Amino acid sequence: MRRAARGLLALALAVGAGAVAAPAALAASDDQVTVSVEIPAAHEFAVDDAQLRWGLNDESSSGAHAFGCNFLSAGEAGDAGGSHAWTAADDLYHARSGDVRIEKPREDGTYELATWATKCLDGRGEAVTTSPLSPTTQSQVVIDGGAGVVDQRDRRATIRWRGSFTVAMYGGLTYWTASDPVLEVVDGVGTLTATGSGYATSRDDTSVWSRVEPRPITLATFERLDLGIAGFTVAPDYVGVAAGVDQPARTAENADFWGSFPRDFVAFQQLTGQSSYWYTSGGARDRFKVALPVTVSYDADEPVTPPTTGPQPTPTPTPTPSQPAVTPPDDPSPGTGTPAAGGGGGGPASGQPVTAAADPQGIPVVASASLTATTPLIPVRAGAAGWDATRDPLLLAGLAVLAVGAVVSAVGFRRGLLVWPWK
């Protein structure tokens, strides 16, 4: 709405100025003030309520090996006084702070404000875990109020947001804050920066605790960015990016997710104790570290639809049955059911369920089914009596023999090789 109003205002100014190229000077007399009006080009416009939406990476919203989960919090978290898991009484967690809020999707895909009670729950209301089969909470940082200029023709933009968000790992044992993000786009190449701060600790020695002085950090880079009409969604550079620290070699097995956040970002995280969460380190959860897409909307009232985020659970491999499937006979007797495998007694009565066999782990081998006297095991084409002669191989063979015999007989009688017995 604001953007539309700005467009109408620009149009009115253009008409009032007689569509004269900007800048235009208006002066009537010496006792009047000269006013210069600059009409912006159609491809360039200002924004004053842009929205930034980002989940950083899946690891930021996953289950942790201890103390619940990793999570996002709005605002700059205060000093916890040491490395320990946050509690509600600490008043360190916030779902909203100024123009910053933390949202997470419900099961139906619509978003809701996160809370202390739901920060470790997925859309179904179940606690996330470190299992590769577990979804994430898919939480996202949302910041409104971004101001700046977008030039779609020249593929450049500058948008600044005011506010902070905090990323806490292991329930808060280690956390850091990003403040006042800035998006710069020059010739279609983008950079998202912020001021990083937090507290230094060590995974090996949690008694270490000291404040990390604020410093500029690069949150994400974008090799190619299309500014779009109402905004855009773009994946940050990650896959194929080297972290600048020791990393395992890129192989065919990890090529799809081998990479890193920007190098200065990783260097900053070495102070907070979180560095290995942001690049491929050879751990079991490396695929969860890939940077998620960033969504920017030029008008927070008319946001761009964000993509569905969060890792899909790894498909469960199909188990190999430890027993062979039981094949029913071709022609079960009506009303008697299917005999049990290996003989030895009759099967269930007509219309009763067939009990599925199971391996020692309880995995079904034969799916449950109901057999009735009127339900054939092999489908047949519909006919007057529910039977199709063309599907009976014996009948077809007999008809073929009769046809050949009729032809041979006709030829024999015509040539006199055969005679009728009564002649």
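No lab work stands behind these numbers, since they all come straight from the coordinates. Because the structure is a prediction, the values reported are computed rather than measured. Backbone-built Cβ (ideal geometry, glycine too); neighbour counts: all protein chains shown.
Sort Thr174, Thr221, Thr206 by Cβ crowding within 10 Å, fewest neighbours at the top.
Numbers: Thr174 24, Thr221 19, Thr206 15.
The order, fewest Cβ neighbours first, is Thr206, Thr221, Thr174.
Arg215 to Arg106: extension gain in nm, 0.36 nm per residue of separation minus the Cα-Cα distance? Please list the in-between numbers first.
Values: separation 109, 0.36 × 109 = 39.24 nm, distance 3.55 nm.
Gain in length upon complete extension: 35.7 nm.
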### Message
Treating the stretch 46-297 as a set of equal point scatterers at the Cα positions, no solvent, please give the Debye-formula log₁₀ I(q)/I(0) at q = 0.10, 0.15 Å⁻¹.
### Response
-0.46, -1.09
### Message
Taking every alpha carbon pair in the stretch 205-255, what does the distance histogram look like in 5 angstrom bins from 0, in percent?
### Response
4, 11, 14, 13, 16, 15, 13, 9, 3, 1, 0
#### Entry: Packing-based exposure ordering (other Cβ within 10 Å, fewest first) of Ser61, Ser210
Ser210, Ser61
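Cut-off is 10 Å between beta-carbons; in what order do Glu103, Glu213 appear when sorted fewest neighbours first? Intermediate results must be reported in sequence, preceding the final value.
Working: Glu103 20, Glu213 10.
Going from least to most buried by this count: Glu213, Glu103.
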## Note on the structure
For the stretch 51-127, using Cα atoms only, the Rg and Dmax in Å read 12.7, 39
### Summary
Stretched fully, the stretch from Glu302 through Thr130 gains (0.36 nm per residue minus C-alpha distance, one decimal, in nm) 58.3 nm
### Task
Compute the signed sum of charges (Lys and Arg +1, Asp and Glu -1) over the other residues within less than 14 Å, Cβ to Cβ, of Trp258.
-1
### Task
Treat each spin label as a single point 7 Å out from the Cα along the C-beta direction, and report the Phe45 to Glu184 distance in nm.
2.6 nm
